[in-house]
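Here the structure comes first, spelled out in structure tokens, and everything after it is commentary.
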Amino acid sequence: MPVYSLFFGTGVLFGVGGSVFFSVARGKGEERTAREYFTAALKGVIIASLFYEIVFLLFFDSVTLFLGKTQQMEPLVNEYGKILVSGAPVFLFSSFLQAFVRNDKSPRTAMAAVITGGVTNVALDYVFIFPMGMGMAGGAIATVIGSAVTVAILCSHFFSPHNMLRPVRQVSMRKTGEAFVSGLSSFMIELSSGIVIFMFNRQLLYWIGELGVVVYGIISNSALIVNSVCNGIAQAAQPIMAVNFGAGKKDRVERTRKLGLLAAFTAGILFAASGILNPSIIIYTFVKPTEEIMALAPTAVRLYFFSFLAVGANLLFSTYFQSVLRPGAAFFLSLMRGAVLNGLFIVILPLIFGVDGIWATMIFTEFATILAAVYLFTKNKTFKEGQLLK
């Protein structure tokens, strides 16, 4: 999971990072500049794809050992992981093109691509793993094919008469660097799921054992769904905020931000309530629980799900800062939420509250992050046409 998050997140890094500048330039009416930023970001994702293919194929064993591979797991990890790694370029281009196609005023194409690829993945998972008996290898192949279908549909946008994603012959690496810096917060958001899973697994194995990892599997799958929905809200708002920022229309930027926050808080309340009020539904959705699981899981679900109240707002604020060209603030929030605060609280809280402290880690992390977001937002609300927010 951390490796897949790295691949997908790198595509988002250049995709969202470059498309923010793409939309801002289009808002200013600078079509040539917009195309230069697309080309610069495209360069970055091609270089990253080649880099990952070489590094992970050469150092596969070292990477998987670092991520926790045991001798017992090795056959399955090798069977699944080597196929997954070979599909790195597909995963990168999937998330990269999603961002640019959406910002090029074709959100329906992006949506159709993602849904079709996802359904293909699920269907082929069943076919390859069960009727064809391909095991873990079948699951990995299905994942690669699903993403390839997404990329193929996204590429159809290049034949649209409204397509503005046309590379230019020459573009400076400075623009690639700008796209990289702008996209760091989005990269951190995507990578954070892998980082969080890694840290939780390590602590749960130490404090509880394998049972804790099983229970966390229920929660982490739920969290992936919640983060995907909330990130979808944020990414839907991003092109609107960026293009209106470029056009100097503060009122539209602020209206979009407020609507995004309303949608994010609404989703957070619904997700949190589902786990707090009836954790058994969440548990039975993912596993057929034993008595040991039911003794541990309800409390774990209630504590972790409480953090969902703030997830959407944190993602929206990070995307807002990105869209108004405040990449430093966006990256700070993503870094604190994705690694720093998690790493701090998951070590400290179990020493104070025991196992419950592990499950409560995300409550402290998300609410500390939202306080930081509000502070950064209110610290400087100056907006002048043609001037970056600082």
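Looking only at the range 261-276, how many residues end up being within 22 Å of F321 (Cβ to Cβ), hydrophobic (A, V, I, L, M, F, W, C) and in contact with a helix residue (DSSP H, G or I) (Cβ under 7 Å, 6 or more places away or on another chain)?
Kept after step one, since they are within 22 Å of F321 (Cβ to Cβ), are these residues of the range 261-276: 261-268.
Within this subset, residues satisfying the condition of being hydrophobic (A, V, I, L, M, F, W, C) are 261-265, 267.
Those left that are additionally in contact with a helix residue (DSSP H, G or I) (Cβ under 7 Å, 6 or more places away or on another chain): 261, 263-265, 267.
Residues that pass the stated criteria total 5.
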Filter the range 177-217 down to the residues that are closer than 13 Å to V355 by Cα and hydroxyl-bearing (S, T, Y), then identify the one that is modelled with the highest pLDDT.
-> Y216
A careful count of residues in the range 203-257 that are surrounded by fewer than 15 Cβ atoms within 10 Å (Cβ to Cβ) and not in a helix (DSSP H, G or I) gives 1
So, first residue over 18 Å from I363 (Cα atoms) and at pLDDT below 90 in the range 270-291, second residue of a type outside the set (A, V, I, L, M) and open to solvent by 40 Å² or more (accessible area, probe 1.4 Å), Cβ within less than 6 Å, six or more apart or across chains; the pairs are F286/N221
Please work out if S147 is at pLDDT 90 or above, assigned to a helix (DSSP H, G or I) and surrounded by fewer than 20 Cβ atoms within 10 Å (Cβ to Cβ).
-> no
List every residue pair whose Cβ atoms sit under 6 Å apart, with the two residues 6 or more apart in sequence or on different chains, where the first one lies in the range 232-243 and is closer than 10 Å to A263 by Cβ and the second, anywhere, is of a type in the set (S, T, Y) and open to solvent by less than 10 Å² (accessible area, probe 1.4 Å).
-> A234/T319
Filtering helices (runs of 4 or more DSSP H) wholly in the range 275-333 for at least 1 residues that are crowded, with 24+ Cβ neighbours inside 10 Å and of a type in the set (S, T, Y) gives 291-306, 308-323
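Any chance the range 70-88 includes a residue that's closer than 21 Å to G17 by Cβ and at pLDDT 90 or above? Walk me through it before giving the result.
In the first step, residues of the range 70-88 are kept if they are closer than 21 Å to G17 by Cβ; the result is 88.
Imposing the further condition that a residue be at pLDDT 90 or above reduces the set to none.
No - not one qualifying residue is present in the range 70-88.
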Out of (1) under 19 Å from the mean Cα position of the chain (by Cα); (2) of a type outside the set (D, E); (3) under 24 Å from P167 (Cα atoms), the one N121 does not meet is (3)
When residues of the range 1-51 are limited to those that are open to solvent by 50 Å² or more (accessible area, probe 1.4 Å) and under 16 Å from the mean Cα position of the chain (by Cα), the one nearest to G146 (Cα to Cα) = Y4
Looking at the range 135-144, which of the residues that are among the aliphatic types (A, V, I, L, M) and in contact (Cβ under 8 Å) with a residue 40 or more places away in the chain is least open to solvent (accessible area, probe 1.4 Å)?
-> A140
Could you tell me whether A368 is open to solvent by 20 Å² or more (accessible area, probe 1.4 Å), under 27 Å from G248 (Cα atoms) and hydrophobic (A, V, I, L, M, F, W, C)?
-> no
With A360, A313, A339 as the choices, which residue is within 16 Å of Q203 (Cα to Cα) and within 16 Å of the chain's Cα centre (by Cα)?
-> A339
Does M111 satisfy being surrounded by fewer than 21 Cβ atoms within 10 Å (Cβ to Cβ), under 22 Å from the mean Cα position of the chain (by Cα), modelled with pLDDT under 85 and hydrophobic (A, V, I, L, M, F, W, C)?
-> no
State the number of residues belonging to the range 157-180 that are open to solvent by 60 Å² or more (accessible area, probe 1.4 Å), in a helix (DSSP H, G or I) and within 27 Å of A113 (Cα to Cα).
-> 3
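The values are calculated or read from the model by the stated rules, or taken from the named source; none is laboratory data. Keep in mind it's a predicted model, so treat the numbers as computed, not measured. Every residue, glycine among them, receives a Cβ derived from its backbone with ideal geometry; neighbour counts consider all protein chains shown. These area figures cover heavy atoms from the full protein model, side chains too; ligands, DNA and RNA do not enter into them. Shrake-Rupley method; radii C 1.70, N 1.55, O 1.52, S 1.80 Å.
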